[in-house]
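Novice: Just dropping this structure here.
Laboratory data are not the source of any read-out in this text; all were calculated from the coordinates shown. Keep in mind the model is a prediction, meaning the values are calculated, not measured. In this analysis, Cβ positions are derived from the backbone assuming ideal geometry, glycine residues included, and neighbour counts consider all displayed protein chains.
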Amino acid sequence: MNPPPAAVKPVVALFNASDDTVEMVQRMLDASDFSCLVGCHFSDLKKGRIDFAKYLAEHAPQVVIVDISPPYDDNWDFLKTLLQDRAMNGRGVVVTTTNKLRLDETVGRDSEAIEIVGKPYDLDQIKTAIYAALRRSSGGRGDD
């Protein structure tokens with residue numbers, strides 16, 4: 001019944017283009033069972049200002065949330081590159097966007113992204129997706 005101690009809260013990294021969305025999701029994560037890392041914009045990753053692998057190694061998030069904004073095709077391709085990085089091994093991923101229909105059209109399939117428009121239900125969906133990503137990533141880890 002009691003929430004887990006702060007030391008065992010899963011760590012979630014949030015890469016987003018919108019400061020408003022970051023603030024909203026961070027508040028939700030901080031009020032739940034997660035420790036949220038913020039401070040990295042998706043554009044900083046694309047421009048090489050932040051070393052993705054180093055960031056993940058330093059902060060050790062179990063789940064990475066990446067928000068995909070326009071231009072969808074470029075950002076989707078960059079996301080695929082990030083997901084292929086060895087630093088993502090054993091980590092879950094949650095993709096969000098503000099326009100899922102447009103993102104799906106651009107990538108030519110269901111992106112499996114969660115559309116965020118600022119409603120409380122969006123945050124419940126993100127929380128559910130984080131738990132699912134944690135289950136998937138912990139199921140794929142070895143004993144090392």
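Novice: How many nm separate the modelled label positions at Asp74 and Ala87, each set 7 Å beyond the Cα in the direction of the Cβ?
Specialist: Distance between the two pseudo-spin positions: 2.1 nm.
Novice: OK, next. Under 18 Å from a label point 7 Å along Cα→Cβ of Val11: give me every residue in segment 55-91 with its amide N that close.
Specialist: 55-66, 86-91
Novice: Sticking with this structure for a sec: Relative to a virtual label point 7 Å from the Cα of Asp44 in the Cα→beta-carbon direction, which members of segment 79-95 show backbone nitrogen distances below 14 Å?
Specialist: Of the residues in segment 79-95, none has backbone N under 14 Å from the label point off Asp44.
Novice: Another one. Could you tally up the Lys pairs in segment 6-136 with alpha carbons closer than 22 Å? Skip any pair fewer than 8 positions apart unless they're on separate chains.
Specialist: 11
Novice: Still on this structure, please answer the following. For segment 86-102, in order, what is each residue's ³J(HN,Hα) by Karplus, 6.51 cos²θ - 1.76 cosθ + 1.60 with θ = phi - 60°, in whole Hz (x at glycine and Pro)?
Specialist: 4, 4, 7, 4, x, 10, x, 9, 10, 9, 10, 7, 9, 8, 4, 4, 5
Novice: How much net charge surrounds Leu56 when only other residues with a Cβ under 11 Å from its Cβ are counted (Lys, Arg +1; Asp, Glu -1)?
Specialist: 0
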